[in-house]
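Read-outs: derived from the displayed coordinates by stated rules, not from any lab. Computed from a predicted structure; not experimentally measured. Quick reminder, even Gly has a Cβ in these numbers, built from the backbone with ideal geometry, and neighbours come from all protein chains shown.
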Amino acid sequence: MVASQNSGYLSPEEYLQLEETNSVKHEYRQGDMYAMAGASNTHVLIAVNLGTLLRNRLRGSGCLPYLSDTKVRIEAINTYYYPDIAVTCDRRDREFSNFLRYPCLIVEVLSETTEAFDRGDKFTDYRNLECLQEYALISQTRIQVECFRRNDQGQWVLYPYRETDTIHLASVDFSCAIEDLYEDVDFSPIS
């Protein structure tokens, strides 16, 4: 996450207005805008694989998956993020045309430049969403998924998945072989 060149506080309304006309996507955190970097082909392929699997599984269920061009609004802390995938099953989200407020599942594909933020401050911020039930982090350097699931006591419990495992996303009752997320991903070094 890299700060943009704006000076001073930017209201959420100003941010949304700028974001509609900007050619570069920005995340917004408590008055500051942050330019988003492009993603690697591996990153995009993993997100597309999971997005396609989720869309096929959720079709007709009332739950909708959204890819990285849809923002999630965290109203309690005045923040907007662009997760790689967000799923909402809440009909109230259909009232908004450019963001979601009630996702039950958020997925981030980790990259070298964003991994620490995705695991740290961003996850802390996402936990302000009372509707959020799961937060999944997918590695793009090895076959590994870490799913954090909110339990009945409101605590976040880690469910790690590795090669040959079946991933289960309880928030949307979705399961698949981990290999399906990594279909067509080549981990051999580039020469």
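At-a-glance table
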quantity: Geometric extent, Cα atoms of the chain - Rg, Dmax (angstrom); calculated: 16.4, 50
quantity: Cα-based Rg of the stretch 64-169 normalised by 2.2 N^0.38 Å, two decimals; calculated: 1.04
quantity: Range in the chain, longest, excluding exposed trypsin sites (Lys or Arg not before Pro) [loop by DSSP; at most 13 other beta-carbon atoms within 10 Å]; calculated: 60-141
